[in-house]
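> My questions all concern the structure below.
The values are calculated or read from the model by the stated rules, or taken from the named source; none is laboratory data. Quick caveat: nothing in here was measured; it's all calculated off a predicted structure. Methodologically, a virtual Cβ is constructed for each residue, glycine included, from the backbone with ideal geometry; neighbour enumeration extends over all protein chains shown.
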């Protein structure tokens, strides 16, 4: 983009911040996210952070805040609402604090709220922000950015009518009653109590157009952060994933090339790692053992460690997760994902696990399988039910060459089947014992899940969906002796696939 005269003048002032006044601060606020030609791809905010803000380095020195690789990557893709999954100590908490500090001091009437997972973490973040204030140029500290209060983790700039607050997620009614323009939720996976309820209250305090950053290292499959990560696309959030090797200091003594395993060679080739980074990887795996994949994440699925006794073979799931591709097409706001469109002469089935259709709770899920091979072609998962679901499924089945429509008839399913046959007039409906639909029983359920388990090991290339494979990772043996989704997770895609594979075995071979 070409620089305007106003932008050129404002950018030039970055180099003499001691001359800035309130008017100049507000001018910067209007162009904070622009990328003038003279800054060579950097935003005005990045340049301003380096010129105005000081941080404590890992060596204990005070230095200007220069964006590292991870921080620059975040800035390139940052949106209005963001969720960040990362390895340990990547600098995102500091960067979020800096970005929101600059927005606070350049936009009068702003309230920024930082929410940490513990009191200790809140105090640490407040220390970062207080250092920003302490090292501002004297003309700003004694002028427009003079503070009237800096205690109990609150900094108030009275001339701007702006304030910066840091609280703990464990504090009762954290953020309630406030009107928030910037919200940063740090280490969401480790929030105490009911994180989903706390987060809902905080989001209710956000003004239209407010900026949100949810950020955390992973902690197990399930829970609020895991759910937010999985649903990010539905909620219009930008997902950011930062593996450990993006931190340049994560290196150790180079390993002997002859000692490399096939896995290490593949990782080096795929991610461009060197022998010193592999040395660090071996070191953290020795130090952290089973937690290494969680604390020093390498991918967006395997870092959410499954807890409990997994029903399916995790090594097979993780191997397939490393190779699956993005869908060719998404429809219905991402609820329907298509990898393989219908081909002339091929036969398909659409397996449906219906739900009630409310915005909370389980999804209605469907899997489209190519009958001859069992290949997954498409997947649907959405909070729909009743006639809407019946129409969506019959349209999908019709698109896939008048596919067999296999609907679980338990619970909500009987009503869906009635609508499919009466209101939608779809005739190719799967039947068991002369009755429409698939019946899940104490006998058919484990058999169908066993087929799914075998397919994951023997024919992993048949599975295309990351979301399905993620649900498989969190499908565990429960304390009551049964099996199902770990608390805080879903198994709707899993059950739809199990039903599909089960029905495929039962359909007469002559039908396809």
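> What residue, among those in segment 113-125 that are touching a residue at least 60 places away in the same chain (Cβ under 8 Å) and part of a helix (DSSP H, G or I), is surrounded by the fewest Cβ atoms within 10 Å (Cβ to Cβ)?
The residue in question is 121.
> Which members of segment 464-478 meet the condition of being closer than 13 Å to residue 320 by Cα and in contact with a strand residue (DSSP E or B) (Cβ under 9 Å, 6 or more places away or on another chain)?
Scanning segment 464-478 gives 464, 465, 467, 468, 472, 473.
> How many residues does segment 177-195 contain that are over 17 Å from residue 92 (Cα atoms) and in contact with a helix residue (DSSP H, G or I) (Cβ under 6 Å, 6 or more places away or on another chain)? Break it down into steps so the answer makes sense when it comes.
Keep residues of segment 177-195 that are over 17 Å from residue 92 (Cα atoms), which gives 177-181, 191-195.
Of the ones still in play, those that are also in contact with a helix residue (DSSP H, G or I) (Cβ under 6 Å, 6 or more places away or on another chain) are 195.
Total meeting the criteria: 1.
> Mind listing just one residue for me: the one in segment 36-71 that is in a loop (DSSP other than H, G, I, E, B) and more than 29 Å from the chain's Cα centre (by Cα) and, of those, surrounded by the most Cβ atoms within 10 Å (Cβ to Cβ)? Outline the logic, then answer.
Just the residues of segment 36-71 that are in a loop (DSSP other than H, G, I, E, B), to begin with: 36, 40-43, 53, 57-61, 65-68.
Filter once more, so that each one left must be more than 29 Å from the chain's Cα centre (by Cα): 36, 40, 53, 59-61.
Details: 36: 20, 40: 7, 53: 22, 59: 6, 60: 6, 61: 9.
Per the stated criteria, the residue is 53.
> Of the conditions (1) outside the structural domain of residue 380 (by TED's automatic domain parsing); (2) in contact (Cβ under 8 Å) with a residue 24 or more places away in the chain; (3) farther than 22 Å from residue 77 by Cβ, residue 244 satisfies every one except a single condition; which number is it?
So the condition that residue 244 fails would be (3).
> Still on this structure, please answer the following. What strands (runs of 3 or more DSSP E), lying completely within segment 316-391, carry at least 3 residues that are in contact with a helix residue (DSSP H, G or I) (Cβ under 8 Å, 6 or more places away or on another chain) and closer than 17 Å to residue 452 by Cβ?
In segment 316-391, 348-353, 364-370, 376-382 are the strands (runs of 3 or more DSSP E) which contain 3 or more residues that are in contact with a helix residue (DSSP H, G or I) (Cβ under 8 Å, 6 or more places away or on another chain) and closer than 17 Å to residue 452 by Cβ.
> Could you tell me which numbered condition residue 411 fails, if it satisfies all but one of (1) free of Cβ contacts under 8 Å to residues at least 40 places away in the same chain; (2) loosely packed, with under 15 Cβ neighbours inside 10 Å?
Condition (1) is where residue 411 drops out.
> Name the one entry in 93, 104 that is part of a helix (DSSP H, G or I), touching a strand residue (DSSP E or B) at 6+ places or on another chain (Cβ under 7 Å) and farther than 16 Å from residue 185 by Cα. Explain how you work it out, then say what you get.
Working: 93 fails: farther than 16 Å from residue 185 by Cα.
Exactly one of 93, 104 is part of a helix (DSSP H, G or I), touching a strand residue (DSSP E or B) at 6+ places or on another chain (Cβ under 7 Å) and farther than 16 Å from residue 185 by Cα, namely 104.
> Looking only at segment 196-236, filter to residues that are out of contact with any strand residue (DSSP E or B) (no Cβ under 9 Å at 6 or more places or on another chain) and on the phi > 0 side of the Ramachandran plot; which one of those is surrounded by the fewest Cβ atoms within 10 Å (Cβ to Cβ)?
In this case the residue turns out to be 220.
> Follow-up question, since we're still on this one. When you look at residue 171, is it in a loop (DSSP other than H, G, I, E, B) and farther than 18 Å from residue 213 by Cβ, yes or no?
Yes; evaluated as a whole, the condition is true for this residue.
> Let me ask something else. Of the residues 175, 193, only one is crowded, with 20+ Cβ neighbours inside 10 Å, more than 14 Å from the chain's Cα centre (by Cα), touching a residue at least 24 places away in the same chain (Cβ under 8 Å) and at positive phi; which? Let's see the steps before the verdict.
Numbers: 193 fails: crowded, with 20+ Cβ neighbours inside 10 Å.
The unique qualifying residue is 175.
Table: residues versus (1) under 19 Å from residue 231 (Cα atoms); (2) surrounded by fewer than 20 Cβ atoms within 10 Å (Cβ to Cβ); (3) at pLDDT below 95.
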residue	(1), (2), (3)
314	no, yes, yes
350	no, no, no
367	yes, no, no
372	no, yes, yes
375	no, yes, no
382	yes, no, yes
397	no, no, no
403	no, no, no
407	no, no, no
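> Here's another thing I want to ask about it. Filter segment 241-255 down to residues that are closer than 23 Å to residue 83 by Cβ and in a loop (DSSP other than H, G, I, E, B), then give me how many there are.
So the count comes out to 3.
> I would also like to ask the following. Determine which member of the set 297, 322, 252 is over 23 Å from the mean Cα position of the chain (by Cα) and outside the structural domain of residue 367 (by TED's automatic domain parsing).
Values: 297 fails: over 23 Å from the mean Cα position of the chain (by Cα); 322 fails: over 23 Å from the mean Cα position of the chain (by Cα).
Among 297, 322, 252, only 252 is over 23 Å from the mean Cα position of the chain (by Cα) and outside the structural domain of residue 367 (by TED's automatic domain parsing).
> Sticking with this one: Picking from 267, 212, which residue would you name as being more than 11 Å from the chain's Cα centre (by Cα) and assigned to a strand (DSSP E or B)?
Answer to the check: 212.
> From the list 502, 437, 433, exactly one residue is crowded, with 19+ Cβ neighbours inside 10 Å and over 33 Å from the mean Cα position of the chain (by Cα). Which is it?
Unique residue meeting the criteria: 437.
> Hey, can you tell me all the residues within segment 84-112 that are buried (at least 23 other Cβ atoms within 10 Å of the Cβ) and more than 19 Å from residue 49 (Cα to Cα)?
84, 85, 86, 87
> Separate question: For the subset of segment 260-301 comprising residues that are free of Cβ contacts under 8 Å to residues at least 40 places away in the same chain and within 17 Å of residue 473 (Cα to Cα), which member is surrounded by the most Cβ atoms within 10 Å (Cβ to Cβ)?
Among residues in segment 260-301 that are free of Cβ contacts under 8 Å to residues at least 40 places away in the same chain and within 17 Å of residue 473 (Cα to Cα), the one surrounded by the most Cβ atoms within 10 Å (Cβ to Cβ) is 293.
Yes/no per residue for (1) outside the structural domain of residue 394 (by TED's automatic domain parsing); (2) without any contact (Cβ under 8 Å) to a residue 60 or more places away in the chain; (3) touching a helix residue (DSSP H, G or I) at 6+ places or on another chain (Cβ under 6 Å):
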position	(1), (2), (3)
439	no, yes, no
442	no, yes, no
447	no, yes, no
457	no, no, yes
469	no, no, yes
472	no, no, yes
484	no, yes, no
494	no, yes, yes
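> Turning to a different aspect of this structure: Scanning segment 196-209 for residues that are without any contact (Cβ under 8 Å) to a residue 60 or more places away in the chain and in a strand (DSSP E or B), which turns out nearest to residue 91 (Cα to Cα)?
If we take residues in segment 196-209 being without any contact (Cβ under 8 Å) to a residue 60 or more places away in the chain and in a strand (DSSP E or B), then 206 is nearest to residue 91 (Cα to Cα).
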